[in-house]
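Okay, structure first, notes after.
The values are calculated or read from the model by the stated rules, or taken from the named source; none is laboratory data. On a predicted model such as this, the values are computed, not experimentally measured, just so you know. Note that we place each Cβ from the backbone using ideal geometry, even for glycine, and neighbour counts take in every protein chain shown.
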Amino acid sequence: MRRRRLASELRRLRTESGLTMQEVADRLGFAAASISRIETGRRGLRPRDLKAFLDLYNVPEEDREALAVLAREAQQRGWWQNYGDVLPSEYATLIGLEAEATSVRTYQQTLVPGLLQTAGYARAVVEASRPNDTPDEVDRRVAVRMERQKRLMDGSPLELSVILGEGVVHQHVGTAQTTAEQFRHLAEANRRPNIMVQVLPYRAGAHPAITGSFNIVGFPAHSDLDVIYLENMASGLYLEDATDVRRYVGVFDYLRAVALSPADSMAMLMDASTNLT
């Protein structure tokens with residue numbers, strides 16, 4: 001997110017200076033493609049390169065320090081980078097976004113989202129979806145999911161709103177005991193002030209998200225648009241276009257309105273847990 005903010009500021013400064021990407025590239029000795037990557041947050045900046053941009057755009061001294069701090073913070077390593085050997089880049093990006101987000105809204109059709117998975121449930125998911133992983137790799141992937149969950153309990157906890165398709169309640173993952181423990185964990189999580197879990201019952205019928213699960217990651221600054229994250233078996237996709245974001249937010253609001261209340265959802269989860277034990 002820090003890199004995205006810096007990229008947005010540099011793009012704004014270039015536009016206000018009346019310069020094209022090619023003109024900036026020519027004056028600073030960059031390739032035009034590099035300017036594009038910098039302005040879309042796909043490439044970081046060294047301090048001396050940032051200074052060159054700010055000199056070119058005639059940025060006043062009093063405005064430079066905030067941008068310099070942003071650039072330095074964008075280079076800091078996150079805890080998840082220590083798991084680079086088992087984290088696909090798209091997943092690592094999601095964790096980085098979660099680290100600076102204020103909210104996550106997620107609709108899941110068949111699985112409990114990683115932010116609320118128990119260790120046993122997470123292990124069963126990893127073992128089923130990645131049968132070729134070594135035991136050590138499975139352990140590290142489970143550790144990542146448990147570490148992610150600390151954002152729900154830190155000093156400024158993430159606001160998490162979850163809608164589960166009723167199929168999640170009927171999907172056994174691991175042993176019956178593992179699934180039962182997971183349902184109890186969801187019901188308990190629903191008691192916390194920053195977490196809301198709802199079940200979308202089958203009787204709700206067809207709905208706009210019937211084709212797949214999605215995540216909406218929200219941020220504190222008004223200038224930072226929400227990000228939509230879509231995951232599949234091979235990779236993940238991020239949508240940042242304002243039209244796409246509005247569409248998914250509207251769909252989530254619809255699902256939340258037709259889903260069971262948190263209390264009724266908790267009762268369904270506890271009933272499902274009881275039936276498994």
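Answer with yes or no whether Ala7 is touching an Asp or Glu at 6+ places or on another chain (Cβ under 6 Å), part of a helix (DSSP H, G or I), within 30 Å of Arg148 (Cα to Cα) and not assigned by TED's automatic domain parsing to the domain that holds Arg145.
yes
Got a number for residues in segment 210-222 being over 20 Å from Leu152 (Cα atoms) and surrounded by fewer than 19 Cβ atoms within 10 Å (Cβ to Cβ)?
Result for segment 210-222: 4.
For segment 92-111, does any single residue satisfy the condition of being within 19 Å of His170 (Cα to Cα), hydrophobic (A, V, I, L, M, F, W, C) and assigned by TED's automatic domain parsing to the domain that holds Glu231?
Within segment 92-111, one or more residues are within 19 Å of His170 (Cα to Cα), hydrophobic (A, V, I, L, M, F, W, C) and assigned by TED's automatic domain parsing to the domain that holds Glu231.
Here is a list of conditions, (1) in contact with a Ser or Thr (Cβ under 9 Å, 6 or more places away or on another chain); (2) at pLDDT below 95, and Arg184 meets all of them except one; can you say which number that is?
Checking Arg184 against (1) in contact with a Ser or Thr (Cβ under 9 Å, 6 or more places away or on another chain); (2) at pLDDT below 95, the one that fails is (2).
One residue is enough: does segment 115-137 have a residue meeting the conditions buried (at least 21 other Cβ atoms within 10 Å of the Cβ), touching a Pro at 6+ places or on another chain (Cβ under 9 Å) and either farther than 24 Å from Leu239 by Cα or assigned by TED's automatic domain parsing to the domain that holds Leu260 (or both)?
Checked segment 115-137: no residue is buried (at least 21 other Cβ atoms within 10 Å of the Cβ), touching a Pro at 6+ places or on another chain (Cβ under 9 Å) and either farther than 24 Å from Leu239 by Cα or assigned by TED's automatic domain parsing to the domain that holds Leu260 (or both).
Residue check, Thr110 against (1) touching a residue at least 60 places away in the same chain (Cβ under 8 Å); (2) of a type outside the set (A, V, I, L, M); (3) not in a loop (DSSP other than H, G, I, E, B), all met but one. Which one?
So Thr110 meets the others, but not (3).
Any residue at all in segment 25-33 that is within 18 Å of Ala221 (Cβ to Cβ) and either small (Gly, Ala, Ser) or loosely packed, with under 15 Cβ neighbours inside 10 Å (or both)?
no
Can you tell me which of Arg203, Arg184, Arg192 is among the charged types (D, E, K, R), surrounded by fewer than 23 Cβ atoms within 10 Å (Cβ to Cβ), without any contact (Cβ under 8 Å) to a residue 24 or more places away in the chain and at negative phi?
Result of the check over Arg203, Arg184, Arg192: Arg203.
Within segment 240-260, take every residue that is more than 18 Å from Pro113 (Cβ to Cβ) and aliphatic (A, V, I, L, M) and give me the one that is surrounded by the most Cβ atoms within 10 Å (Cβ to Cβ).
Going through the qualifying residues, I end up with Val245.
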